[in-house]
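As structure tokens, the structure follows; a few thoughts come after it.
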Amino acid sequence: MPREELPKSYDFVPVEGRWYEEWEKAGLFKADPAASGDPFCIVIPPPNVTGQLHMGHALNNTLQDILCRFERMRGKNVLWIPGTDHAGIATQAVVERELKKQGKTRLQIGREEFVKHVWGWREEYGERILVQLRRLGSSCDWTRTRFTLDEGLSRAVREVFVRLYKEGLLYKGKYMVNWSPLSRTAISDLEVEYRETKGHLWHIRYPLKGEAGKFLTVATTRPETMLGDTAVAVNPGDERYTGLVGKTLILPLLKREIPIIADSFVDPAFGSGAVKVTPAHDPNDYQMGKRHNLPLVQVIGEDGHITKDGGPYAGLDRFKAREKVVEDLQAQELLEKTEDHTHRVGFSQRSGEPIEPLVSDQWFVKTKPLAEVALGAVRSGKTKFYPKNWERTYFDWLENIEDWCVSRQLWWGHQIPAWYCDKGHVTVSTQDAKKCETCGSTNLKQDEDVLDTWFSSALWPFSTLGWPDGGSADLKKWYPTSVLVTGFDIIFFWVARMMMMGCKFMGEVPFKDVYIHALVRDEQGQKMSKSKGNVIDPVDIMNEYGTDSFRFTLAAMAAQGRDVKLSYARIDGYKKFVNKLWNAARFAMMNLGDEPLAAEKSASSSAVDKWILSEAAKTVTEATRALEAYEFDKAATAAYHFAWHTFCDWYLELAKSDLSGNNGPDKQRAARMTLTQVLDVLLRVLHPFVPFVTEEISSKLAARNGFLMKSAWPTAAEISADTQAAEAFGKVVEAIAAVRSVRGELGVKPSAKVHLWWSGEGAKALSPYKEHFSRLAGVSEFHDASEGRPPQSAAIAEPFELFVTFPEGLDVVAEKARLEKAKKKNAEELARVDKKLSNENFKKNAPEEEVEKQEEILAELRAEREKLEAAWKIVSAMG
């Protein structure tokens with residue numbers, strides 16, 4: 001049966017869609033807990049149901065898919081669980097905007113109707129990102145797709161809440177939270193973005209009681225909150241104010257009496273060294289207020305307007321109140337001065353407004369007991385971080401953890417399973433409560449708040465596997481999961497919380513490894529953002545360059561601890577790589593003939609065959625080691641180098657004579673068997689990175705039956721390379737490369753022929769391969785060099801002592817002049833860049849990406865200098 005040929009050019013569009021459909025149709029992504037093989041499980045970091053694929057998702061899921069495909073091929077029982085997060089604040093905001101277009105608000109339609117609207121929105125748009133993940137090639141078990149608000153996960157959420165409550169690890173109380181007046185809810189620290197903001201520092205005179213004309217000047221960035229001041233504080237070691245501590249001040253504008261207190265938290269160098277204390281509107285003041293038993297006076301309400309305790313300013317928006325307070329202070333000559341001042345201000349990531357610290361009645365989880373166990377799990381090595389340096393971030397947060405505010409004033413989410421009777425008793429239950437546990441009253445009302453989205457996400461590794469339902473086969477088989485792949489920005493808010501909850505409720509860590517990937521930035525190193533206009537859409541990239549090219553780019557650049565600087569040029573480069581692979585496979589198949597060949601080693605293998613098999617074995621070993629260590633870039637680079645340089649540039653050229661039959665039928669058959677084996681190994685090594693093109697090529701190989709995706713990961717043992725013979729021929733390759741290098745360094749035209757001189761061991765080892773030197777290095781004649789170096793020759797010291805002469809002539813004087821000019825220019829550029837990088841002010845003040853760019857330029861210039869020196873050395877020795 002004739003072997004099917006590949007088309008001349010690779011068209012990724014039909015290939016990608018067809019193969020993904022085939023994989024799904026064949027059930028290749030489905031996991032069975034009863035199947036053989038060691039368990040390997042990844043739970044996808046659930047993207048927001050409101051979201052669509054962005055570069056962070058693309059990198060994250062590409063790396064997960066590489067691991068899942070790799071481990072499936074190694075025979076493991078792989079489960080990759082997909083799903084989405086209900087994203088409380090984000091989703092509610094989206095639906096509220098849609099209602100606003102219809103002239104409605106959620107308050108007008110009521111909670112029940114509003115929640116119906118949100119579910120409707122989710123049904124219409126919630127699958128969007130999952131469809132895009134399929135486009136990326138993600139081999140998730142879609143039959144197990146989960147949603148943080150589905151029935152099973154909701155049961156898990158209630159179970160955890162009730163257990164924590166009954167153990168005294170969850171309580172309700174007043175505490176200072178980040179409040180979003182626009183969203184009307186508390187938000188987590190993660191949802192607060194701190195920005196350097198230009199503002200003012202107002203110096204306000206607070207009159208001393210009973211001491212006419214005497215004041216204590218206080219500096220503040222928020223004059224509107226002075227309406228809620230309950231003290232002024234100074235540092236106890238500040239000699240300027242030693243005699244004032246204990247005295248009373250008259251609060252400007254409101255005339256309320258407040259004390260002067262001493263607290264070591266106060267920085268004497270800030271402002272006047274005296275600070276206003278507003279316990280209801282500043283987290284540091286709140287703690288100071290608790291230390292000194294100061295009253296809480298809330299003067300900014302949940303709507304961002306001044307409350308009745310703000311006296312004549314009641315009802316004003318907080319920023320309008322600021323203007324009015326400053327105006328009145330000036331009128332009463334109590335404003336000493338105003339200075340420009342830049343400081344950090346917290347903004348809600350969702351609403352974009354400055355957050356308001358407010359003391360609020362909220363539900364909290366006592367985290368310290370949970371954190372101790374989670375810390376111990378990483379310290380003992382039960383869970384390991386890759387790269388290891390991220391452990392420090394994890395430790396820092398858990399060692400200094402505060403109680404976790406888990407309630408949110410929203411309607412979309414897991415409604416808190418707590419009910420209140422008319423006497424104020426609380427009943428917490430996994431089922432809807434019908435009567436009060438304390439007094440038996442049936443007049444109950446459920447808490448209106450919902451839980452923080454991170455609460456349900458913290459349970460993701462075990463709730464998605466069937467907990468709390470008893471006897472879950474999935475849970476028994478795949479918990480703890482194998483690895484979590486995620487970004488560094490949510491180590492504390494998600495990774496740490498999953499560790500706490502997993503250790504608490506499963507008695508075991510939720511994952512054995514945590515791989516932390518970096519950010520995807522633009523080619524200048526800038527963080528992608530809509531405001532900068534530098535956002536790259538992954539779907540656009542896949543449409544233009546193909547998914548395989550995009551995936552390989554991400555993997556090849558995913559070096560541990562380094563951000564990915566994505567450029568269209570790099571993606572295009574890897575598109576060329578995919579096309580190179582296609583063309584090489586097409587050439588190979590054209591030279592394999594119609595006879596069925598086994599992908600195995602032949603007894604008649606030539607030195608070329610033994611060498612390429614050895615190189616293939618080395619590549620498999622390195623790629624395997626790198627993937628096991630989550631060094632995706634090194635695995636991709638090993639495969640790339642072998643495919644492009646070793647296989648395409650060298651082997652296919654070296655094997656041409658044998659493949660064509662010029663050296664006899666035995667050599668031809670042996671070469672064909674080797675080519676089949678090596679191409680098969682190459683496709684398997686590349687499959688996790690570029691699954692579509694490798695599956696397409698493999699389907700046309702007579703040696704492959706069934707899906708490449710189901711084939712075994714190659715091993716060095718199966719290749720059984722002849723290392724000694726391969727090393728010997730490797731020196732031949734080095735020698736040919738050295739001749740080619742000399743030609744390139746001296747600017748010899750590709751069409752020009754050179755002569756090669758050799759003697760002794762060099763001649764003995766290399767002479768059987770004259771045809772290779774002629775074809776690949778442009779050598780037209782070979783000469784004996786036993787009498788010494790020929791005149792006007794270039795010496796090659798490694799791996800043998802060889803000499804190259806140029807019968808068509810080489811103008812040594814002109815070449816020296818060219819090299820001298822190039823060396824001078826290189827030295828000048830090197831000095832300029834080196835001087836810039838040696839300047840500490842430049843390294844300190846220049847943007848990080850500019851420093852990195854200059855360092856890259858310096859490395860390139862140094863590499864160029866080495867090449868020029870090598871060429872100079874060669875031409876100088878020629879006379």
Completion exercise
A correct Kirkwood calculation over the Cα atoms of the chain returns a hydrodynamic radius in Å of 32.7 Å
Problem - Mean Cβ neighbour count within 10 Å, used as a protection proxy, ranking 45-54, 15-24, 327-336, 410-419 highest first - result: 410-419, 45-54, 15-24, 327-336
Exercise for the section: May I ask you to derive the relative contact order of the chain, considering only C-alpha pairs under 8 Å and at least 6 residues apart, and to give it as an integer percent? Expected result: 12 percent
Completion exercise
Any residue on another chain or 5+ positions along whose placed amide H is under 5 Å from the amide H of Val514 is listed here as Lys384, Phe385, Tyr386, Leu484
Exercise for the section: Kindly write out, for segment 104-111 in residue order, the coupling ³J(HN,Hα) from the Karplus curve 6.51 cos²θ - 1.76 cosθ + 1.60 (θ = phi - 60°), rounded to whole Hz, with x marking Gly and Pro. Expected result: 10, 10, 5, 5, 5, 8, x, 4
Practice task
Please count, across segment 55-185, the pairs of lysine residues with Cα atoms under 23 Å apart that sit 8 or more places apart or on different chains.
Solution key: 4
Practice task
In vacuum, with every alpha carbon of segment 694-798 counted as one equal point scatterer, what does the Debye formula give for log10 I(q)/I(0) at q = 0.11, 0.13, 0.20 Å⁻¹? Two decimals, please.
Solution key: -0.54, -0.65, -1.00
Handout entry: Karplus-derived HN-Hα couplings along segment 338-354 (A = 6.51, B = -1.76, C = 1.60, θ = phi - 60°), whole Hz, x at Gly and Pro
Key = 10, 10, 5, 8, 9, 8, 7, 10, x, 10, 6, 5, 7, 9, x, 9, x
Fill in the blank from the handout: Applied in sequence order to segment 20-25, the curve 6.51 cos²θ - 1.76 cosθ + 1.60 (Karplus, θ = phi - 60°) yields integer Hz couplings, x standing for Gly and Pro, of 4, 4, 5, 4, 5, 4
Handout entry: Difference of contour (0.36 nm per residue) and Cα-Cα distance, Ser751 to Gln287
Key = 158.9 nm
Completion exercise
Reduced to Cα centres, the span from segment 72-121 to segment 491-540 in Å works out to 21 Å
Practice task
Count the net charge of all other residues whose Cβ sits under 10 Å from the Cβ of Tyr171, scoring Lys and Arg as +1 and Asp and Glu as -1.
Solution key: +1
Handout entry: Within segment 16-58, backbone nitrogen closer than 16 Å to the virtual label 7 Å beyond the Cα of Thr715 toward Cβ
Key = 37-38
Problem - Overall dimensions of segment 271-381 as given by Cα atoms, namely Rg and Dmax in Å - result: 19.0, 65
Exercise for the section: Please give the helix 318-331 orientation as an angle from the longest Cα principal axis of the chain, in degrees from 0 to 90, rounded to the nearest 10. Expected result: 60 degrees
Fill in the blank from the handout: Counting only residues 5 or more apart in sequence or on a different chain, those whose built amide H sits under 5 Å from that of Phe803 are Trp757, Ile796
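Please work out the FRET efficiency for the pair Asn443 and Arg155, using the Cβ-Cβ distance as r and a Förster radius of 41 Å; give the result to the nearest 0.05.
Working: r = 27 Å, r/R0 = 0.65.
Working from the Cβ atoms, E equals 0.95.
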Exercise for the section: Using label points projected 7 Å from each Cα along Cα→Cβ, tell me how many nm separate Leu182 and Val373, to one decimal. Expected result: 4.0 nm
Problem - Radius, Kirkwood style, for segment 483-625 when every pair of distinct Cα atoms is counted (Å) - result: 19.6 Å
Practice task
First measure r as the distance between the Cβ atoms of Ala331 and Leu107, then evaluate 1/(1 + (r/R0)^6) with R0 = 41 Å and state the FRET efficiency to the nearest 0.05.
Solution key: 0.55
Practice task
Calculate, for segment 437-590, the solvent-accessible area per residue in square angstrom, rolling a 1.4 angstrom probe over the heavy atoms of the protein chains.
Solution key: 36 Å²
Exercise for the section: For Leu830 and His343, compute 0.36 nm times the residue count separating them, minus their Cα-Cα distance, and round to one decimal in nm. Expected result: 171.3 nm
Practice task
May I ask you to derive the FRET efficiency for Lys512 and Lys853 from their Cβ-Cβ distance with R0 = 35 Å, giving the value to the nearest 0.05?
Solution key: 0.35
Completion exercise
Residues other than Val539 with Cβ under 14 Å of its Cβ, Lys/Arg counted +1 and Asp/Glu -1, net out at 0
Practice task
May I ask for the angle, rounded to the nearest 10°, between helix 368-379 and the longest principal axis of the chain, with both axes built from Cα atoms and the value confined to 0 to 90°?
Solution key: 10 degrees
Exercise for the section: Quick one: grab the alpha carbon gyration tensor of segment 340-458, order the square roots of its eigenvalues as a ≥ b ≥ c, and give me rounded if a/c is under 1.5, else prolate or oblate depending on whether a/b is larger than b/c. Expected result: oblate
Practice task
Give the angle, between 0 and 90 degrees and rounded to the nearest 10, that separates the Cα long axis of helix 665-686 from the longest principal axis of the Cα atoms of the chain.
Solution key: 10 degrees
Problem - Spacing of the two label points (7 Å from each Cα toward its C-beta) at Ala863 and Asn579, in nm - result: 2.3 nm
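Might you tell me the accessible area per residue for segment 29-156, computed with a 1.4 Å probe and given in Å²?
39 Å²
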Handout entry: Cα gyration tensor category, rounded, prolate or oblate, for segment 616-683 with a/c compared to 1.5
Key = prolate
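If you count, for each residue, the other Cβ atoms within 10 Å and average over each peptide, how do 286-297, 443-454 line up from highest to lowest?
Ranking, from highest mean packing down: 443-454, 286-297.
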Practice task
Whole Å is fine, so just give me how far the alpha carbon centre of segment 704-763 lies from that of segment 611-656.
Solution key: 13 Å
Fill in the blank from the handout: So for segment 441-484, using the alpha carbon gyration tensor with a ≥ b ≥ c as root eigenvalues (a/c under 1.5 gives rounded; past that, a/b versus b/c decides prolate or oblate), I'd call it oblate
Practice task
Just add up the charged neighbours of Lys366: K/R +1, D/E -1, any other residue whose Cβ is under 14 Å from the Cβ of Lys366.
Solution key: +2
Problem - segment 473-617: relative contact order as a whole-number percent, Cα under 8 Å and 6+ apart - result: 19 percent
Fill in the blank from the handout: Taking 122-135, 668-681, 830-843, 515-528 and ranking on average Cβ neighbours within 10 Å, highest first, one gets 668-681, 515-528, 122-135, 830-843
Practice task
Would you kindly calculate the mean projected area, averaged across all directions, of the convex hull enclosing the Cα atoms of segment 34-74, in square nanometres?
Solution key: 3.7 nm²
Practice task
Using the heavy atoms of the protein chains and a 1.4 angstrom probe, tell me the accessible area per residue for segment 793-879 in square angstrom.
Solution key: 65 Å²
Problem - Reachable lysines, given that their alpha-carbon falls under 23 Å from the alpha-carbon of Lys825 and they are not under 8 places away in the same chain - result: Lys816, Lys835, Lys836, Lys853, Lys867, Lys873
Completion exercise
PRE zone check, label point 7 Å out along Cα-to-Cβ of Lys423, amide N under 16 Å, scope segment 437-459, hits 437-445
Problem - Carbon and sulfur %, accessible surface of segment 125-265 computed with the full protein complex present, 1.4 Å - result: 51 percent
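The values are calculated or read from the model by the stated rules, or taken from the named source; none is laboratory data. Everything numeric here is computed off the predicted structure, so don't read it as measured data. Quick reminder, even Gly has a Cβ in these numbers, built from the backbone with ideal geometry, and neighbours come from all protein chains shown. Protein only, heavy atoms only, side chains kept; ligands, DNA and RNA dropped before computing areas. Shrake-Rupley method; radii C 1.70, N 1.55, O 1.52, S 1.80 Å.
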